[in-house]
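**Q** Handing you this structure, nothing more for now.
The values are calculated or read from the model by the stated rules, or taken from the named source; none is laboratory data. These numbers were taken from a predicted model, which means no experiment stands behind them. With ideal geometry, Cβ positions are generated from the backbone for all residues, glycine too; neighbour counts draw on all protein chains shown. SASA here: full protein model, heavy atoms, side chains in, ligands and nucleic acids out. Shrake-Rupley method; radii C 1.70, N 1.55, O 1.52, S 1.80 Å.
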Amino acid sequence: MAREVLSGDYAQSYAAKLARVDVVAAYPITPQTSIVEKLADLVVTGALRAQYIKVESEHSALQACVSASALGARAYTATSSQGLLLMHELLHWASGMRTPVVMGVANRAVAAPWSIDVDHADSMSQRDTGWIQFYAESNQEVLDTVLAAFRLSEDEAVRLPSMVAMDAFYLTHTVEPVDVPEQADVDRFLPPRSKVGTLDPHRPTRLGSFTSPEHYTEFRHAVASASKAAAQLAPTVEEEYARIVGRDLGGPLPRYLTDDADAILVTMGTATTTARSTVDALRAEGRKVGLAKLRRFRPFPSEEVRALGRTGARIGVLDRSFTYGAAGAAATEVMAALYAASPRPLVRSFVAGLGGRDITPALVRSLYRHLLEEEGPEVVWADLKVPPGEATAEALHG
Amino acid sequence: MTAGLASPLPPPIDTPLATVPSDTLTTASWRTFRPVIDRGLCTRCNLCWKFCPDIALELDAEGYPVLREAFCKGCGICAVECPPKAIVMEKEV
């Protein structure tokens, strides 16, 4: 194990290299670009034996990966924001064709208005594409999760693609020490891909072509079953990773000081780090608060959320995106998972940190205060500068 | 679930693989207009063949375009692209 100082982007690149990917195809977009720049460098210097396919768009990048994966190759791509939106059609193809592509996503706000800063709307709006989705808190977690994602995605019972998302700039361009596993250990953890369900050029078949109503539902149901299988297999994959590489990924919803908590905040990505230090500060002041990190959004860890609900604490879900006309996407999922809980805990949807706005310890404190002391609205835009009541045409346009 | 199995190793039942060649499935019965090719005007430039988005034109031994009626949707791109205007779109009856 070598300790290196890596950005989140490079943690993705080195994870792909350790996974011995056969094919990389990607199109540059800030703040993802340095992932594939590094991979291009590794390929051209011979450090990684892979096909690096240059393409004209993200749509083609994912198409190249899906096609390679359909033939049994281990394929990796990375993108962000508008690029992920452009891939949307192919996201559905990838899961429907059961191609276990792994993709790094640099979570960046989507236009309009234009922004390059952190926000989860890009990947959260891909919720229903059949992809497994992980959200990382640190660069170490980025590297470990990419490797675990390949293993989970490629399992014969799963064969679904995964995206490993990380916050723009906070992770993508911030360097921190990362333990890079030995290649031999990764090889033991991640053997070459099974050929089950892959195409054979010597026995031509059509994959994903026109399907009548007689069969379509069953293929969709197969994706649903595979997604369920991914949730069931994930603990085994993580145990294997811990046994071989020596790090525990913590499951889909790692908890921090939740057992006796009166209020629990559910966070995703780097906001977790801020929230954890705020929990420590509040605990020192005698406030019983806790934290749960939503590491995996799809398949959604409903059972783990129900277990969290059984603590009896009030639960706030901090989303860095918004589902218009509803609430934060993670919040609606948490609420849905707890619907049948008895007693059903109070759940609030907090929206903050959009388009790179900083999620500060003071903001996190205000969320816990809101949970502990108020019966306020179900959805709170916690860091909004203009209160909605004052956002009149007069206020906006003078 | 998998249509038309002929492969010695059947694909997994949850993968949408089919072994029936796509040219056995006709896809253009609903066409409204059909391209009609005037071989007298055709210069065999093959632009129609290149532009056809559905590989519904093939070239005969002399290099003239021949319509594959089972696949042509009648989009008319060939007629628009044809430099000598040797292709006209005629309404199906």
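**Q** Restricting to region B:15-63, name every residue that is over 22 Å from A:Pro201 (Cβ atoms), within 14 Å of chain A (Cβ to nearest Cβ) and not hydrophobic (A, V, I, L, M, F, W, C).
**A** Answer for region B:15-63, where residues must be over 22 Å from A:Pro201 (Cβ atoms), within 14 Å of chain A (Cβ to nearest Cβ) and not hydrophobic (A, V, I, L, M, F, W, C): B:Thr26, B:Thr27, B:Ser29, B:Asp54.
**Q** Being surrounded by 17 or more Cβ atoms within 10 Å (Cβ to Cβ), in a loop (DSSP other than H, G, I, E, B) and charged (D, E, K, R) narrows it down to one residue among A:Arg276, A:Arg247; which is it?
**A** Result: A:Arg247 is the single residue among A:Arg276, A:Arg247 that is surrounded by 17 or more Cβ atoms within 10 Å (Cβ to Cβ), in a loop (DSSP other than H, G, I, E, B) and charged (D, E, K, R).
**Q** Assess whether A:Ala19 counts as being in the same structural domain as A:Phe219 (by TED's automatic domain parsing) and either of a type in the set (D, E, K, R) or more than 22 Å from A:Phe189 (Cβ to Cβ) (or both).
**A** In short, no.
**Q** Out of the residues in region A:40-95 meeting the condition of being of a type in the set (D, E, K, R) and surrounded by fewer than 20 Cβ atoms within 10 Å (Cβ to Cβ), tell me which one is farthest from A:Ala25 (Cα to Cα).
**A** If we take residues in region A:40-95 being of a type in the set (D, E, K, R) and surrounded by fewer than 20 Cβ atoms within 10 Å (Cβ to Cβ), then A:Glu89 is farthest from A:Ala25 (Cα to Cα).
**Q** Additional query: It is to be established whether one or more residues within region A:272-292 are more than 14 Å from chain B (Cβ to nearest Cβ), under 17 Å from the mean Cα position of the chain (by Cα) and not aliphatic (A, V, I, L, M).
**A** Checking region A:272-292: at least one residue is more than 14 Å from chain B (Cβ to nearest Cβ), under 17 Å from the mean Cα position of the chain (by Cα) and not aliphatic (A, V, I, L, M).
**Q** A further question on this structure: Name the residue, out of A:Val44, A:Val5, A:Val21, that is modelled with pLDDT of 95 or more and closer than 16 Å to A:Ser162 by Cα.
**A** That would be A:Val21, the only listed residue that is modelled with pLDDT of 95 or more and closer than 16 Å to A:Ser162 by Cα.
**Q** Continuing with this model, one more query. Just to be sure, is A:Gly104 touching a Leu at 6+ places or on another chain (Cβ under 8 Å) and open to solvent by less than 10 Å² (accessible area, probe 1.4 Å)?
**A** no
**Q** While we're on this one: Among the numbered criteria (1) away from chain B (no Cβ under 14 Å); (2) of a type outside the set (A, V, I, L, M); (3) out of contact with any strand residue (DSSP E or B) (no Cβ under 8 Å at 6 or more places or on another chain), which one does A:Arg247 miss?
**A** Only one criterion is unmet by A:Arg247, namely (3).
**Q** Being over 18 Å from A:Tyr14 (Cβ atoms), over 28 Å from the mean Cα position of the chain (by Cα) and not assigned by TED's automatic domain parsing to the domain that holds A:Leu152, is that true of even one residue in region A:177-198?
**A** Checked region A:177-198: no residue is over 18 Å from A:Tyr14 (Cβ atoms), over 28 Å from the mean Cα position of the chain (by Cα) and not assigned by TED's automatic domain parsing to the domain that holds A:Leu152.
**Q** Given the residues A:Val180, A:Val118, A:Val175, which is the only one that is out of contact with any Cys (no Cβ under 8 Å at 6 or more places or on another chain), over 19 Å from A:Gln82 (Cβ atoms) and open to solvent by less than 30 Å² (accessible area, probe 1.4 Å)?
**A** A:Val180
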